[in-house]
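> Below you will find the structure I want to go over with you.
The values are calculated or read from the model by the stated rules, or taken from the named source; none is laboratory data. All values derive from a computational prediction rather than experimental measurement. Using ideal geometry, Cβ is built from the backbone for each residue, glycine included, and neighbour counts are taken over all protein chains shown.
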């Protein structure tokens, strides 16, 4: 009762080699930068691109096994696919779209129609049954696409950035609904996303793809606390510094040294929350063990907070209030002092 | 999560949109261009006026009601619709292959398909005669094996019309297949639709506008076909004498009938143009 797959294929410059296991009832989020192979992984599972090697087994049934000469066509696989741009058939009504999979499976027309109506009711779209998809709002189209994918009762649900095309206002509400439908889905589900918050809200576990390989996996909390690549660190908003463990410190790749509260040996990651990085115009006095001089390389404003990129022996991002930004006059040139308390630095083996 | 953007101190200001100087030559040439435009428009408009001014509007119904004219109209309708039907049956799969399959000689096949649009119809008729005529290699075989003779029969007229009309359908449908978003077909496949179901319920409706336009073009072309028909099928009243042939013949004997039939063909062309105006005249 699970999806077990090893997907190996190359497509253009991408070389995908991913192994996943998703028990029924679980939602796995797939994160990764553009071109990391997220969508290709979904397409391979759906049978839209062939494997070069590996195997796809769903609930004990081999869907694809190049070595064994098995390759089920997309229409022979019990999968539902929610595309990023939904791909609702523009010439059919919303109800006909939802009934499409049932009709294709040979369900008698009246029965397919009744089932489609049930799904539309579950999605709050009864009023749009006879409408063409072109007249739906983004959130409604997303729900219609989900209903269409779920109606034939797939055992594997694939969602390719299902919320990416929505504006911020509707995103939260649609996400809540999507979460509800994913909870009640009894098969395996994979969800491609760029957004770690989305992954945390919708998925039980997540994997991070980079360059066609899984570089990290775990629950969203695990991944958020201990990022293992600059991409993930940036996603979850942490400073990630790679270095060598010394007694009581970490020697960074750029030649700096961080004082940390515990001893580590070998290659380590040090994660620091930007809020734990303090900035000063004068050399600070006091308890922080890590103090160095740097220069401001860039400032991003996010609401009432600012993220300040500081170049120096160790490159870090500091999060300060816009008030502090003004007081420190950071927009002006000149050196700044960085200080970090040793206890704010999380160190874990690389 | 906002990614870090370097402070914009170093970035260049956005480039101003590039504008072209108004060349003086354009202004100098304007009168000449206007003259040419006037001449060209007159050139298209005057023949139309000539036809419409001479049309016996009062006697139109009786002209079109006479037995030989009625039989030409009927024959034209049957032959052109049959030619359109064959064009769809053979042309859609051909357009599909040209749009979707990679095979050696594909551009050659496309060139061969479009050739009848460029070749003078009379030449097409001669070629058809040499292939499908009683003594042509294909014609002799058809005669001996099945007892089918094509030249100077209604079937021959249909064949000649199909020959000149099908390219219009193939080209239009191929363009439609190329421009359609194939991911809709993938979506159908993930919903369990087998290829034939996908074709019928997704591809065909999505290329519907192209198919209709192609069929209308092919039909209009078949209806007006003259050269290939008269060469290959002859000019036998009631069997192969379609409207254009009847017009040509009537020009010598009964001018009113020729004009009436011409007006019918003109009306058909205008109707096709108006129905598919969004396709042929996107700015109208």
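> Identify all residues within segment B:113-148 that are over 18 Å from residue B:86 (Cβ atoms), more than 26 Å from the chain's Cα centre (by Cα) and not in a helix (DSSP H, G or I); write none if there are none.
Scanning segment B:113-148 gives B:134, B:135, B:136, B:147.
> Then there's this: Can you tell me which residue is farthest from the other protein chains (Cβ to nearest Cβ) among those in segment A:92-105 that are more than 12 Å from residue B:188 (Cβ to Cβ) and assigned to a loop (DSSP other than H, G, I, E, B)?
Filtering first and then ranking leaves A:93.
> Another one. Name the helices (runs of 4 or more DSSP H) wholly within segment B:165-284 that hold at least 1 residues that are touching a residue at least 60 places away in the same chain (Cβ under 8 Å), surrounded by 16 or more Cβ atoms within 10 Å (Cβ to Cβ) and within 14 Å of chain A (Cβ to nearest Cβ)?
In segment B:165-284, B:208-224 are the helices (runs of 4 or more DSSP H) which contain 1 or more residues that are touching a residue at least 60 places away in the same chain (Cβ under 8 Å), surrounded by 16 or more Cβ atoms within 10 Å (Cβ to Cβ) and within 14 Å of chain A (Cβ to nearest Cβ).
> Check off (1) more than 12 Å from every other protein chain (Cβ to nearest Cβ); (2) surrounded by fewer than 20 Cβ atoms within 10 Å (Cβ to Cβ) for residue A:44 and give me the number that stays unchecked.
Here residue A:44 clears every test but (2).
> Among what's in segment B:1-35 and is over 30 Å from residue A:317 (Cβ atoms) and surrounded by 10 or more Cβ atoms within 10 Å (Cβ to Cβ), pick the residue that is modelled with the highest pLDDT.
Here the residue is B:35.
> Given the criteria more than 23 Å from residue B:181 (Cβ to Cβ), modelled with pLDDT of 95 or more and either touching a strand residue (DSSP E or B) at 6+ places or on another chain (Cβ under 6 Å) or at the interface with another protein chain (Cβ under 8 Å from one of its Cβ atoms) (or both), does residue A:77 qualify?
no
> Of all residues in segment A:59-74, which are more than 14 Å from every other protein chain (Cβ to nearest Cβ) and surrounded by 15 or more Cβ atoms within 10 Å (Cβ to Cβ)?
A:59, A:64, A:65, A:66, listed by residue number.
> (1) over 15 Å from residue A:191 (Cα atoms); (2) modelled with pLDDT under 95: which one isn't true of residue A:50, the others all being true?
Evaluating residue A:50 over (1) over 15 Å from residue A:191 (Cα atoms); (2) modelled with pLDDT under 95 leaves (2) as the failure.
> While we're looking at this one, here's another question. Any idea how many residues of segment A:47-58 are within 14 Å of chain B (Cβ to nearest Cβ) and on the phi > 0 side of the Ramachandran plot?
Matching residues across segment A:47-58 total 1.
> While we're looking at this one, here's another question. Go through segment A:106-141 residue by residue and tally those that are within 14 Å of chain B (Cβ to nearest Cβ), part of a helix (DSSP H, G or I) and touching a residue at least 12 places away in the same chain (Cβ under 8 Å).
Residues in segment A:106-141 being within 14 Å of chain B (Cβ to nearest Cβ), part of a helix (DSSP H, G or I) and touching a residue at least 12 places away in the same chain (Cβ under 8 Å): 7 in total.
> Which residue is farthest from the other protein chains (Cβ to nearest Cβ), if the candidates are limited to segment A:285-333 and must be in a helix (DSSP H, G or I) and within 26 Å of residue A:259 (Cβ to Cβ)?
So the residue we want is A:324.
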